[in-house]
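Encoded as structure tokens, the structure appears first; notes follow it.
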Amino acid sequence: MPNIAFLGAGIMGQAMIRNLLKAGFPVTVFNRTMEKARALEPFGAKVAASPRAAAVGADVVMSMLIDDAACRTCWLGPQGVFDARPNAILIECSTASHDWIGELATRAAKSGLRFLDCPVAGRPDVAVAGQLNMFVGGDAATLQAVRPVLAAFTKSIVHFGPVGSGIAFKLIYNVLGAIQVASLAEAMFAAEAAGLDLRAAAAGFSAGATASPHVIRHAKYMSLGRHEDPVQFSGRNRIKDIRYGVEFSEQAGAQSVIGRAAAEVFGQMIPLGMGDLNDSELIDALRVAHGRPAAAKT
Ligand SMILES: NC(=O)c1ccc[n+]([C@@H]2O[C@H](COP(=O)([O-])OP(=O)(O)OC[C@H]3O[C@@H](n4cnc5c(N)ncnc54)[C@H](OP(=O)(O)O)[C@@H]3O)[C@@H](O)[C@H]2O)c1
């Protein structure tokens, strides 16, 4: 069994690590907030005090961190993975920018290391069930070598092509998803403003041609005024994803007019101090922004 170093025991990382342990892989975990890594010790994880310490002796180093800044710190910073002079296959699962993936891949190549970008789709409950969908960029032989590791927490693995193509698809995918949640919040708020019953509206959007897993899931939370606890994916993270996705689409020579609009809609959460709430709580921000009380949590 290859030794795995895993950086990032956030809500997604916790679930992925537990599935790796369940599948029998030895995993050494680094997390900035040590308690979250220590919570994995009873399941068999070893805890490292730095990314460097985690990477020493690892066969595979993978990360599931929030954004470019976190990734850069953990891979390239002092006490970062490269400080350990690793001799491992490197895997970036974080939803980071396309530029970051390019930078990390270049750094890996300079060190003669194999690298894959392997972002995933699926909420934390899907991660707990080991049913994530993964989008891979990198060479086929490297993917083949780590497929058993990735299989521990995925339902499907789609190989898009060379390094950078996994994150390219993930960013485009996420913008589409964010647009759905933002436009649902506006539609639900419009229904409420028009005096319609929100539960009936949620049922209507969830039954008709408008229904998508995003609409079905979030319409329920928005209509009941009961959102996920603890927060599963925040408004701030939606904005991060859209920003990376819009930047990438535009760099690629496409456009993202609706993506930019979705970022603006989620952006209404920030000045109201609601950025760290669930993405579905966007409807409350819209209410407040239009002079109405945020719905009472029931
Ligand atoms: N949640 C979802 O539904 C979902 C689904 C698919 C993909 N993703 C992606 O998965 C990744 C992780 O998301 P998550 O939901 O697990 O978020 P999370 O629970 O907030 O975890 C974020 C992780 O990043 C670490 N981190 C943040 N800033 C850091 C820094 N400056 N230096 C070092 N570490 C830092 C956190 O450490 P601390 O614990 O110390 O804060 C934590 O380990 C993100 O790229 C996200 O977009 C999320």
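Does Arg199 satisfy being at pLDDT 95 or above and over 17 Å from the mean Cα position of the chain (by Cα)? Yes: the conditions hold for Arg199.
What's the total number of residues in the stretch 104-121 that are in a loop (DSSP other than H, G, I, E, B) and open to solvent by 40 Å² or more (accessible area, probe 1.4 Å)? If you could, list the steps in order and put the result at the bottom.
Looking only at the stretch 104-121, we keep the residues that are in a loop (DSSP other than H, G, I, E, B), and these are 111-114, 118-119.
Subset that is open to solvent by 40 Å² or more (accessible area, probe 1.4 Å): 111-112, 114.
Matching residues across the stretch 104-121 total 3.
Only residues that are in a loop (DSSP other than H, G, I, E, B) and either open to solvent by less than 20 Å² (accessible area, probe 1.4 Å) or within 9 Å of the ligand (Cβ to nearest atom) (or both) were counted in the stretch 1-36, giving 7. Output the residue which, of all residues in the stretch 82-103 that are open to solvent by less than 10 Å² (accessible area, probe 1.4 Å) and part of a strand (DSSP E or B), is nearest to the ligand (Cβ to nearest atom). In this case the residue turns out to be Glu92.
Within the stretch 45-55, the residues that satisfy the criterion of being crowded, with 17+ Cβ neighbours inside 10 Å and of a type in the set (A, V, I, L, M, F, W, C) are Ala45, Val47, Ala48, Ala53, Ala54, Ala55.
Would a scan of the stretch 71-78 turn up a residue that is open to solvent by 10 Å² or more (accessible area, probe 1.4 Å) and either away from the ligand (no atom under 14 Å from the Cβ) or of a type in the set (Lys, Arg) (or both)? Scanning the stretch 71-78 turns up at least one residue that is open to solvent by 10 Å² or more (accessible area, probe 1.4 Å) and either away from the ligand (no atom under 14 Å from the Cβ) or of a type in the set (Lys, Arg) (or both).
Can you pull out every residue in the stretch 239-292 that is touching a strand residue (DSSP E or B) at 6+ places or on another chain (Cβ under 8 Å) and open to solvent by less than 20 Å² (accessible area, probe 1.4 Å)? First the steps, then the outcome.
Of the residues in the stretch 239-292, the ones touching a strand residue (DSSP E or B) at 6+ places or on another chain (Cβ under 8 Å) are 275-279.
Correct list: Gly275, Asn278, Asp279.
The values are calculated or read from the model by the stated rules, or taken from the named source; none is laboratory data. The model shown is predicted, which means the values in this text are computed figures rather than measured ones. All Cβ positions, even for glycine, are placed from backbone atoms using ideal geometry, and neighbour counts span all protein chains on display. Side chains included, ligands, DNA and RNA excluded: accessible areas come from the protein's heavy atoms. Shrake-Rupley method; radii C 1.70, N 1.55, O 1.52, S 1.80 Å.
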